[in-house]
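Below: the structure, in structure tokens.
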Amino acid sequence: MKIYIILLILFGSLLTAQDLQEELLIPYRDNNLWGFCDSLGNIKVKPFASEIRDIKYNVFTSKSRFVIKEENSNYYVIDNLQKALIPKNNRYDSLQIRKFDQDEIYIYKNGKMGLYKNNKELIPCIYNDISAESNKSFIVKRDGYYGLINSSGKQIIPLEYKYITFSEKNNNSNSNFIWKASKEGMYMNCKMDEFFDTKIKADKESSPGEAGGMQDSSERIRVSNETVSKVEQYLADKYDSFRIDKNNNLIFVEKGIFKGVLSLVDGKEIVKLNFDEVDLFMANGENSIFKVNKAGTYGLVCLKRIVVPVNYEKINRTFEELNILINNNQQGFFDEDSLKYVDAKYKKILNKTRINTGFNKSFNIYKILLDNGKEAYVGENGVEYFK
């Protein structure tokens, strides 16, 4: 019976992963038209759209959303099954998919903003700004005043307040969700009105998060101070200089003109004593990634092997968590999830999108700018989704 259950779970997981892969759509560019392909570049939808403005992939499921524009249509939205979530013949000037809930779409008309959800206009395009808040509600702003609309489109707080926040009275035993609002603004001891709404249980699918990624080494071995003292005596005899990083169980060593890295746990070599410079690029214990320099060029080392050749002018990590490889004013990237890299041959790497492919797996695609000024996508596997 136990074996049957295990097989059933395993088979179900494999089916789920296969279904997710089959439903995967990646924007594909053919000159001036866009269609869709899979991760290997096989065409799944022939190019038909003049623009794909916005793409969002759910980090927990196979759901994906795309803002599309054809030559003679307004912007509209389709999902990974090519179902239109907002029809072509809509009246909106522009659309934007919410980052953490792909079923919620910001709509724009004549400089005003609204919200589309569940095949209907939940909030009309009459506001200057809309922000998602707790309890799946939305604070709306117009002409300097704020109000609040809940997930069913009901106005909970009228548009006549200067400040809105959730109440400290909210707790697990309270069946209502409580809001506070002030007509005077936010300052000490200001008068606050209370408003009540039904409490909504958050679902995992709409929660922010990430799938995949490098294995976390936060549960690493803790080395005692006594052991560190013994290691220091050994290092002082063998190396010209050293630095111990106890947070990551690493030892940076130097002998003569060369530098390397050892494990503080077992003393084994992580980065060979062969480089002019070694810097911690991404900290993750013994799975950390190191930027190395040899004769003025840079590469990356991880898991005791070179994962990016030491022949780049620069390697930078941006605030957007992009690992940029630079040569001759061209850019490539290193993908830390797959430990793969793509050579520097594009004008610019613009952003990265992680796609859930099932069973705790993910696949990253990178938006790039080509030398001709056009945008396109490249996979972590190096496959170019354009021609």
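Throughout, read-outs are computed from the coordinates displayed, never taken from laboratory work. Please read these numbers as outputs of a predicted model, since none were measured by experiment. So basically every Cβ, Gly included, is an ideal-geometry build from the backbone, and we count neighbours across all protein chains shown.
Return one number: the angle in degrees, 0 to 90 and rounded to the nearest 10, between the long axis of the Cα atoms of helix 2-23 and the longest principal axis of the Cα atoms of the chain.
70 degrees
Say the cut-off is 31 Å between C-alpha atoms; which of K109/K387; K69/K291; K230/K304; K109/K154 go over it?
Result: K109/K387; K69/K291 exceed 31 Å.
How many percent of Cα pairs in the range 223-267 exceed 13 Å?
Within the range 223-267, distances greater than 13 Å cover 49 percent of Cα pairs.
How are the Cα pair distances of the range 240-387 distributed, in percent, across 10 Å bins from 0?
Taking every Cα pair in the range 240-387, the percentages come to 11, 37, 30, 17, 4, 0.
From Cα pairs below 8 angstrom and at least 6 apart in sequence, can you work out the relative contact order of the chain, rounded to a whole percent?
The normalised contact order for the chain reaches 10 percent.
Excluding residues fewer than 8 places away in the same chain, name every one of the aspartates and glutamates whose C-alpha is closer than 14 Å to that of K340.
Result set, ordered by chain and number: E380.
In square nanometres, what is the average projected area of the Cα convex hull of the range 149-192?
Seen from a random direction, the Cα hull of the range 149-192 projects 3.7 nm² on average.
For the pairs K46/K367; K44/K348; K46/K352; K268/K347; K88/K183, note any where the Cα-Cα span goes beyond 31 Å.
Going by Cα-Cα distance, K268/K347; K88/K183 fall outside the 31 Å limit.
Quick one: check the C-alpha center-to-center distance for the range 153-174 versus the range 260-339, whole angstrom.
Answer, in whole Å: 49.
Among the GluC sites (Glu not before Pro) within the range 219-284, which fall in a DSSP loop and have no more than 12 other Cβ atoms within 10 Å of their own Cβ?
E219
Helix 225-238 sits at what angle to the longest principal axis of the chain, using alpha carbons and giving 0 to 90 degrees rounded to 10?
That works out to roughly 50 degrees.
Relative to 2.2 N^0.38 Å, what does the C-alpha radius of gyration of the range 308-378 come to as a ratio? Two decimals please.
1.12
What Kirkwood radius, in Å to one decimal, follows from the Cα pairs of the chain?
Roughly 24.9 Å, rounded to one decimal.
From the convex hull of the Cα coordinates of the range 100-205, what is the mean projected area in square nanometres?
7.3 nm²
Per residue and in Å³, how big is the convex hull formed by the alpha-carbon atoms of the range 62-154?
Per-residue hull volume (Cα only) is 96 Å³.
Grab the DSSP H runs of the chain that are 4 residues or longer, score each as -39,500 (n - 2.57), total them, divide by all residues and round the 222 nm result to the nearest 500 deg cm²/dmol.
Taking each H run of at least 4 residues, the total per residue is -3000 deg cm²/dmol.
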